[in-house]
Structures are given as C-alpha cells and as structure tokens.
Amino acid sequence: MRGLLSGLTLGLVSMAVWAGDWPQFRGPGGSGVSSDSHLPIRWSSTENIAWKANLPGRGLSSPVVAKGRVFLTACSAFQQTRLHVLCFDLKDGKLLWERQFWATGNTMCHPKTNMAAPTPVTDGQRVFALFATCDLVCLDVDGNLVWYRSLTSDYPTVTNQVGMAASPVLHQDTLVLLLENAGESFAAGIDAHTGQNRWKIERKRRINWNTPLLFTKNGQTSVIFQTPDELAAFDPRTGEKRWSYAASELATIPSPAAGDGMLLVPGKELLLLRPGDSAAPELVWQSARLRPATASPTIYKNRVYVLTGAGVLNCADAQSGKVLWQERLKGPFSASPLIAGDRLYAVSEDGVTSVVQLGDEPKVLSVNPIGETILASPVPADGKLLLRSDEHLFCIGAGK
Amino acid sequence: MRTSLALVAAAIIGAPLAAAADVAALLTQIKAVGREGAGNPQAAQAWRELAQQGSEALPAILAGLDDAHPIAANWLRCAVDTIAARELAAGRSLPAAALEAFVTDTRHAPRARRLAYEWLVRVDPTAPGRLLPGLADDPSTELRRDAVAVLIQNAEAIAAQGDKSAAVAAYRKALTSARDRDQVEAIAQALKKFDVTVDLAAHFGFITDWLLAAPFDNTNGIGFAAVYPPEKGVDVNATYVGKNGLKFGWKPTTTSDPFGKVDLNKVIGKYMGVVGYGFAAVHSPTEQRVEVRAGTKNAVKIFVNGQEVFFREEYHHGMRMDQHVAPCTLRKGRNEILIKVCQNEQKEPWAQEWEFQLRVCDAVGGAVPLRVLSEKTAAGSSEGRVMP
C-alpha cells in the first residue's frame, strides 16, 4: 500500500515522497538503498524488458520517479548545446512530454561525461533539472515551466571544463546546489517556488563532482558537503554551518552515504563517522582497503558495500570496518550500486548488471548484459528496474 | 521595432490584433527576467498565460526571441515547445505557412528560426527537402549544419558513381559552407582520396604566425592577475626580464598544425609556473564584428587592441577548438591580438601542456578576411600572410 511518508517520520528523507518513489540521485535517502524486494533478477537486451524508450541524446543522469512518472535529462546537438527534460509514463514508457533548453554555459567536458550529468530531483509536484552547463530548470510534473536560471549568466566565472556533475538535492522547498569549481565556487539554497537565492555561500575554488547528502538526526536535517579536506553539515534552509569534520584526501567523485544513523565518507580511505546531535561527528573507523573508485559506497543492515576500481565488491562490518568478503564483478563501474531487498545491483560501464544476493557469503544470482554503455546509476520503480544508456531508457521487469 | 515585427507576424496568420497585443505584453514581462532569478515570479505568471495561447501565437513568440537575452530566450523557447506540443497532442495542426515564412526570413534570430524549423518539420516532413538546399550558407549554425549534411550526402552519391571531377566539385561546394569541425574534417578526408588537400587552418581562420614572449612568472598562480609589459602595449623589439631573471624578446614562430596549435613547450622551452604571450598584428579590410575563438588547457586572457575581451582562470581541464569565444570588433586597418597563456606548477603527466590555438571568424564560425602582418623583431620576422 502506498502512503505518503514524511521526511520527519522516515528519518532520512526530507521531502514529501510516496513509498516506492525515487526522487533524487541514489533515492530517498541519497544512499542507493530501496525497500523494493521485487526487482527483476534476470534479463537481457531482448528478454524481460517491460519497455524501452528512445532518448534524444546522451546522459549520465539517473531517472527519478514520482507518482508513476519518470523524469530524465539528456543533451544533444553538435557540442551538446541542446538540453532536454523528459517525462515518461512508468506503466508503458510513453513519452508524456519533453522540453528543451539552449545551453547558456560552456559545454566543454571530458569525453566520458556530458552536459546531462547531474541527476534531477522531484518532490512529486515539480522536477528540478540542473545541467553541467549550469542551466537550472524547474518544471511542474506536466511540463509547465515554473522558473529557469542560467547560473553562468549569474556567475560568469563559474567553470569546470571536465564537466560539472554534482546533482541538486531538495529539502522541503529549498533546492541545494553545490557548485565547487575553478571559478566562482559556491553552494546555494534556492527557493523552490521562485528560483531565487535563499542563501549563497562561498566555497573553495576547486573541482568537486560529488553530490550533497541530506542527513536527518533527531528530527533535524542537515545537508552534508564533502570536499577534499572537510566534511561539513549545513542548515539547508539558511546555509549556516552546523559542524565540520576536518579530513584529508576525501573523494571528489564518489559521494557520501548514510545508513544506520552513520555517515560513510569515501576518500583515500573510507571513513565511517558517527554524527553527534550538533557537534562534529566522531570517527568510528577508517580503512584504506575500502577505497571506492567512481561508484559511491553504500551502508545497509550494519554492513558497508564498496566497489573498488578493480571491480571488486567489498563487504565490511559497519561496526569495525573489517572486510567480511570480496567478490570480483564484471566492471569497470561508473554507476553507483543499488541495494534492494537484500540484493545488490552493480551496473558496469558495458551495461552488464551483476545481481548479488547479500549475506554472510555473496552469491552472484545473475549477470545481465543490456548491450549498451551505461554510466548512470540504476533506479528501482514499482517492482521494475530502470537503466539509462545514451540511447535508451530501459524498464526491466514483467511486460506492460 | 521588435514588437512591431511580432504584430506583423501575428497578422500574417490572421490572429486578432488584441490577442497579439496581449502576447506582446507577456513577452515584455518575461524578457524582464534578470540575474539571480530577478523577476521570476512575474515572468512565471506571464509564462503561464503565454503558454495557454493557441498556435496562432507561435510566430509572435518566435519573433520575441529576436532580442531576448539568453535567460529570457529559454523561457520563451519553453513556451513555444509547450504550445506546439499541446496543439499536436490535441490533434490540431500548427501554422505551417507562417512557420515556414519565419524560417526563411533571415532577419529573425538564428535560434528562433531553427526552433520554427523543427516544429515545421513535425507537421510537414517535406520541409527539409524543400528548405535545406537554400540554407547551406545560413546564419543559423544548426540549419547550416543540416544543409551541409545534405551536400555531403550528395557528394558521396556522386563519388560512388565514379565521376571524380564532379565529386571533387560537390565536396568543394560542401566545404565552402561547412563550419563545424566534424563536417569539415569529413569533407577534407573525402577530398584527400581525390588527391585534393584542404588547408584546414586557412579554412577555419586560425592564426598560424605568432610572436611569442615568455617566460614571465606564474609561481603560485600570481601571473594570471599580474599585468606584465606586453599587456601595457606590445613593443616587438623590447627585451623583458622574466621568471628567475631570464631575459628574452619576441620570438617568431609559425605553426603547421592543421588547427593552428602553438606548443610553447617546444618553441619557448619546458617551464612550469610561467606565463607566455602570443602576439599577432592583423589587417582588417573593413571594420567588422568578429569572434576571437581560442582553445587551451591553460588559464588564458585575450586582448584585442589592448582591451581584455576574455579571461578564464582554469588549468588542465581539456582543450577544444572554439572552447573560448570572445565577440569583439576589429577596426579597419591594423589590429593587435594578444593572448596570455598561463602554465601552473602541477606535476601530473597530463598537466604539462602549455599551448594554445586561436582563430578569428564570424558568428557562424567562418574565417573572415584578414591579413596577418609581418612583424620585424630583434629575433627575426613573422611571416605574415593572407587568411583565409
């Protein structure tokens, strides 16, 4: 039964969402964990595909899902100057609407990424889409424009010619952006109703791709920014800093995760932190063995899961950091893994999804090729699995 | 003026004048959006009303794009898409004749004409066959690109029939219109099979003859903001004292790279934490609006006739042709182009490049008539040549 869940009761979710929805990068908790235990286990490019929708262009962004609608971004045209926001019907993959925008920022980037790298976020009423060009769009769920911002028009020195990738997150009616870059580097809280700044704070000039994490403890939600030398919590409504944890060589690509009331922080070493009520968190353990590559780590049922650059899935005890088992999967991986119903879904860049039964010993249940390059993280949707390549959005599971 | 154009456009398709006036007021409200979301609430209200208009409003909204700044342009574009998609979903058509008239009227903004074209094609699939042959030299880069693609296909078809001279002529015709690098390279490769060499640097308008002065100090990045003597005025016979007391003057160099790349590591030497300047004097036959387009992995500033027209302080995040674009005006006669290329002190293997490429072109990317002037220096003479 679907019911409205509030962020206060869920603990980690700070926006109004429906059970089963997947409103942002890595889902409601921002950590790649779903309660959906009915996701498909086996498929191929021709088998167990509910529907497959053509996409107008490339993208690394993941789809987001709310109330039976799937929202996705893409980019197209010579030099990626065309930006797309798409809405599909989850039932049958029908394109409900598409809106396009002209890129106003620089489209220069590393060939592996593109202008549709950040994942959009939705509250079920609106969808907020940020592109690597720093074009920021808010549409209602029927495709009507609510507001639009050109952040490079606002802040002309903003620049990351490898390609921006951090996704926005939404806390109540404040959209939080972390745009750490080689020019005017900042974080901002944007009024979801008007698109105007609620707050804007200066950040160090440096390139950072990881996505902020909303973390709730004792009813208080903070937005966590991970940068190379600091993990810091801010009030998402005001931008005021609540605490800071000094560190070194934290990651700029994989994002932090939360689970079991703890924070999992990737870097040269993986850190597990226990946040206090308002003070800086304390270090529980750190491990150089658990060093994620591009994919973000996950914490689930008192265990930590990390995909290394060598394509090895590591499972460690969340209390001690002790590695419990390792399983070599078919990598390499850009997509962050998804855990749903005690199974882990790891999607390789070649579009091969390994489904691993989690437990005291890992068991690879299936290895499923889709035949297309996939860099976007997998998304659960009402018992089905959404995968996005540059050409298609796949809905995997029982037919229409 | 633009409002009048919008009214005329609306009148073409018989829309009531009162409705057109309403649209004009809504366009004005939307175009008032500014930086940091200024005017968003009012624009949102106007947008909702605008998006409820019927398809007869499309030409007026498209015309509204003519003078819209980039922020407002995206608001208006979304209104066009919303109206057009809704009309088609409801089983109604779009005003094809008015859209086609808009596409073929080059007084309108290139991006607006392209948008009109895309919706026209949705309701009239024969439009590309009818329109593209006349759009090969269009001011819209996207319309031109599609037209050039057709020319390339034609040339390929002729080449497949084995008529060498006709194929070469067809490829040359495509090349004359082509502006995008991938299309130009494809044409050049095809012509090479017929023993025809394309001077890519000349086609794109890259400056290949430079005077270089380096190394000035950029230790800890201080050089980007520093105003070294060349920024105060270039004396091609001057001697400078640079990093670590090194003395140097302007050194002529000519690059043979097909895309005009100048490698300072090769010409000046391998230095880290330094600034290099590239200087070229060009003669323009008339006063003309141009775009100075540069590519570099290094932090960069560009000056035209002593005025800074572009800066980007970012290091080693890739290099692409036309990565940086600076619109400016060249005066009739002599003009001076100065590029400042900063190398930092990163040690990674991928952070060693110290190079740039620069071209002068029109807004569509076509080389403009220029003559690079020969400059006699203490170290020698730059070649100087006519381009394109």
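Structure notes:
- B:Val341 vs. criteria farther than 23 Å from A:Asn181 by Cα and surrounded by 17 or more Cβ atoms within 10 Å (Cβ to Cβ): no
- Hey, B:Glu142 within 14 Å of another protein chain (Cβ to nearest Cβ) and either surrounded by fewer than 18 Cβ atoms within 10 Å (Cβ to Cβ) or in contact with a Leu (Cβ under 7 Å, 6 or more places away or on another chain) (or both) or not: no
- Top-ranked residue in the stretch A:301-324 [being aliphatic (A, V, I, L, M) and crowded, with 18+ Cβ neighbours inside 10 Å; ranked as farthest from A:Asp360 (Cα to Cα)]: A:Leu307
- Every residue from the stretch B:106-120 that is touching a Leu at 6+ places or on another chain (Cβ under 9 Å) and in a helix (DSSP H, G or I): B:Pro110, B:Arg111, B:Ala112, B:Arg113, B:Arg114, B:Leu115, B:Ala116, B:Tyr117, B:Trp119, B:Leu120
- Selection count where residues are within 17 Å of B:Ala351 (Cβ to Cβ) and open to solvent by 30 Å² or more (accessible area, probe 1.4 Å), scope the stretch B:294-319: 6
- Complete set of residues in the stretch B:57-77 that are under 16 Å from B:Thr104 (Cα atoms) and in contact (Cβ under 8 Å) with a residue 60 or more places away in the chain: B:Leu58, B:Ala63, B:Asp66
- Filtering B:Glu355, B:Glu345, B:Glu375 for residues that are at pLDDT below 95 and among the charged types (D, E, K, R) leaves a single hit, B:Glu375.
- Screening the stretch A:138-195 for residues that are in a loop (DSSP other than H, G, I, E, B), of a type in the set (S, T, N, Q) and under 22 Å from A:Leu60 (Cβ atoms) and picking the one that is nearest to the chain's Cα centre (by Cα) gives A:Ser167.
- Criterion (over 26 Å from A:Gly105 (Cα atoms) and buried (at least 16 other Cβ atoms within 10 Å of the Cβ)) met by exactly one of B:Ala79, B:Ala89, B:Ala43, B:Ala57: B:Ala57
- Where a residue in the stretch A:102-113 is without any contact (Cβ under 8 Å) to a residue 40 or more places away in the chain and its partner, wherever it lies, is open to solvent by 20 Å² or more (accessible area, probe 1.4 Å) and of a type in the set (Lys, Arg), with Cβ under 8 Å and at least six apart: A:Trp102/B:Arg111
- Subset of the stretch B:176-194 that is of a type outside the set (D, E, K, R) and open to solvent by 20 Å² or more (accessible area, probe 1.4 Å) - its residue that is nearest to the chain's Cα centre (by Cα): B:Thr176
- Residues being part of a loop (DSSP other than H, G, I, E, B) and modelled with pLDDT under 95 are represented in the stretch B:16-30 by at least one member.
- All conditions but one from (1) in contact with a His (Cβ under 7 Å, 6 or more places away or on another chain); (2) open to solvent by less than 10 Å² (accessible area, probe 1.4 Å); (3) at the interface with chain B (Cβ under 8 Å from one of its Cβ atoms) apply to A:Val162; the one that does not is (2).
- Meets criteria (open to solvent by less than 10 Å² (accessible area, probe 1.4 Å) and closer than 22 Å to B:Ile83 by Cβ) for A:Leu96: no
- Residues within the stretch A:324-356 that are under 17 Å from A:Lys384 (Cα atoms) and outside any loop (DSSP other than H, G, I, E, B), tallied: 13
- Taking the criterion of being in contact with a Gly (Cβ under 9 Å, 6 or more places away or on another chain) and surrounded by 17 or more Cβ atoms within 10 Å (Cβ to Cβ), the residues of the stretch A:201-222 that qualify are A:Trp209, A:Thr211, A:Pro212, A:Leu213, A:Leu214, A:Phe215, A:Thr216, A:Lys217, A:Thr221.
- Candidates A:Pro297, A:Pro275 - the one that is open to solvent by less than 10 Å² (accessible area, probe 1.4 Å), at pLDDT below 95 and either of a type outside the set (Val, Ile, Thr) or under 25 Å from A:Arg388 (Cβ atoms) (or both): A:Pro275
- Filter result (more than 9 Å from chain A (Cβ to nearest Cβ) and not in a helix (DSSP H, G or I)) within the stretch B:62-94: B:Ala68, B:Ala90, B:Gly91, B:Arg92, B:Ser93, B:Leu94
- Count - residues of the stretch B:261-293 that are closer than 23 Å to B:Pro349 by Cα and under 20 Å from the mean Cα position of the chain (by Cα): 1
The values are calculated or read from the model by the stated rules, or taken from the named source; none is laboratory data. Owing to the predicted nature of the structure, the values given are computational and were not obtained by experimental measurement. Here the Cβ is made from the backbone with ideal geometry for all residues, glycine too, and neighbour counts use every protein chain on show. Only protein heavy atoms, including side chains, enter the accessible area calculation; ligands, DNA and RNA are left aside. Shrake-Rupley method; radii C 1.70, N 1.55, O 1.52, S 1.80 Å.
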